[in-house]
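Worksheet: the structure to be examined is printed underneath.
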Amino acid sequence: MNADDPLIPEERDEYETDLIAFSNRELDLLGDVRGCDVLYAGGISPLWIEGLAERIGENGSLIVLDKDEDGLARAEAAFAPDDLPLRPRFVVGNVFDLPFERGTFDLVYSSGLFHELDVSEKSAMEALSAMASVLRSGGRFATSDFVDDAGAVQIEAEVIEAEMERRVFGAKRHGIGSSERLVELHERSLSDVRHRASPPFPIRHLDKLLPSEDEPPEFSLLSDEDARRLRARWRAILDRVRREGYTRPATVYIEGGTKSPRI
């Protein structure tokens, strides 16, 4: 037993079981991707990487792209050579300026990307258009992300983190909004857009993990006034978690194809 783990072994097993179930719920919405060439854009979750690799199989390919070089290295190190049916390729890059040729992928997929996307210099539309541009004819672009269709403690935490990033780094997150907002964004760049909303997913013992975490380290970079204000809001969230538990937001899955060029 790990003395630093706030969960006992049985709780840790239940927590991880629920995380896998949540990942499967989201990835199953992709349908059949066997043999496809897939770009997983702006994400480095080992669960999602493993789930995509298993669904694609040995006859397809998977590229994992993220701007976090250290995070990519950790994600790559999480897998032994024989863990997956294919060997993913891990690429450092951002979704606004993809290092790929047009027509490279059958599927471009993002999970949890848009609500954390920094749109201080370029818009979410520019990111979506850039990702869609590397699709082959007949390919699909798919997004799964959190939405605020139902109340959730995580939404409050995301708002605090977004303000902190804005004040410390000048970043501006696209943020968590409604399903309609994200669907409308996709409809402006894609054809035949369809979507499916899913309710918040219960993950056991998540409420025990958040209070055990230290406050975001960026608090130390804030002015004294901003630090006091955001720390008070952070403590209020932790108190709410202790009373009510920790809830993840609802999600929406959206997919569509590339629009035919105008003649």
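None of the figures in this text is laboratory data; all of them are computed from the coordinates on show. In this text, all values refer to a predicted model and were calculated from it rather than measured experimentally. No Cβ is skipped: glycine too gets one built from the backbone with ideal geometry, and neighbour counts run over all protein chains shown.
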Full-stretch length increase - Glu58, Glu126 - with 0.36 nm per residue and alpha-carbon distance subtracted: 21.2 nm
Reduced Cα scattering model of segment 63-116, Debye log10 I(q)/I(0), q = 0.27 Å⁻¹: -1.27
Distance in nm between pseudo-label sites at Ser137 and Arg34 (7 Å out along the Cβ direction from Cα): 2.6 nm
For segment 1-157: span of alpha carbons on each principal axis (Å, largest first): 49, 39, 30
Added length on full extension, which subtracts the Cα-Cα distance from 0.36 nm per residue, Arg166 to Ala80: 27.2 nm
Net length gained if the chain between Leu221 and Asp239 were fully extended (0.36 nm per residue, minus Cα distance): 4.1 nm
Segment 75-215: projected area of the alpha-carbon convex hull, averaged over directions, in nm²: 11.0 nm²
Residue list for segment 103-132, given a label point 7 angstrom along the Cα-to-Cβ vector of Lys259 and an amide N cut-off under 19 Å: 103, 108, 123-132
With eigenvalues of the C-alpha gyration tensor scaled by 5 and rooted, the chain, Å: 31, 23, 18
Segment 199-263-segment 142-192 distance, computed between alpha-carbon centres (Å): 11 Å
Most mobile listed residue (Gly42, Gly139, Gly151) in the chain, GNM with C-alpha springs under 10 Å: Gly151
Highest average packing first - 252-259, 217-224, 9-16, Cβ atoms within 10 Å: 252-259, 9-16, 217-224
